[in-house]
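What follows is a set of notes on a single structure, which appears directly below.
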């Protein structure tokens, strides 16, 4: 009997751990993200090792299930071609890059999805949840009508 109880106990313990590992929801609070802004010409001044550097944008993203909800602390950086390494640059160096390569840069060069898309999805989901809680269920209305009919028949 003790062996059976031990077997069941270990089975339950390891099963819960396995399901917990599989059921994680991806959440970013915050995650560092790199986005390519401009592919700069292959210049020897912009070479680090064997990689040529490009202009990128580094920011922190808050979100869940691959839906960005908020972005903070964005700044321009130099990134390698694989977007795995970045080098911080000063405002003076950024101005020099702008003038050298005739760049027109936005203050926040993120894509529509990164800027606004996640917020729209989040608002729609919240709106649907609120609407579902506020609107009455059709089943409840039908049950009320049936009960009213039965009470009316009983009273007659």
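May I ask you to verify whether residue 110 is under 30 Å from residue 26 (Cα atoms) and in contact (Cβ under 8 Å) with a residue 60 or more places away in the chain? Yes: the conditions hold for residue 110.
Touching a helix residue (DSSP H, G or I) at 6+ places or on another chain (Cβ under 6 Å) and surrounded by 10 or more Cβ atoms within 10 Å (Cβ to Cβ), is that true of residue 76? So residue 76 fits the description; yes. Entry remark, region 62-88: residues being at pLDDT below 85 and within 16 Å of residue 109 (Cα to Cα) number 5 in total. Every condition in (1) more than 26 Å from residue 99 (Cα to Cα); (2) surrounded by fewer than 20 Cβ atoms within 10 Å (Cβ to Cβ) holds for residue 68 except the one numbered (2). All of 33, 38, 75 fail the test of being closer than 18 Å to residue 100 by Cα and under 24 Å from the mean Cα position of the chain (by Cα), apart from 38.
In summary, residue 59 fulfils each of the numbered conditions (1) surrounded by fewer than 17 Cβ atoms within 10 Å (Cβ to Cβ); (2) within 30 Å of residue 126 (Cβ to Cβ); (3) modelled with pLDDT of 85 or more with the single exception of condition (1).
The values are calculated or read from the model by the stated rules, or taken from the named source; none is laboratory data. Here the structure is a predicted model, which is why all the values come from computation and not from measurement. For neighbour counting, all protein chains shown are included, and Cβ atoms are generated from backbone atoms with ideal geometry for every residue, glycine included.
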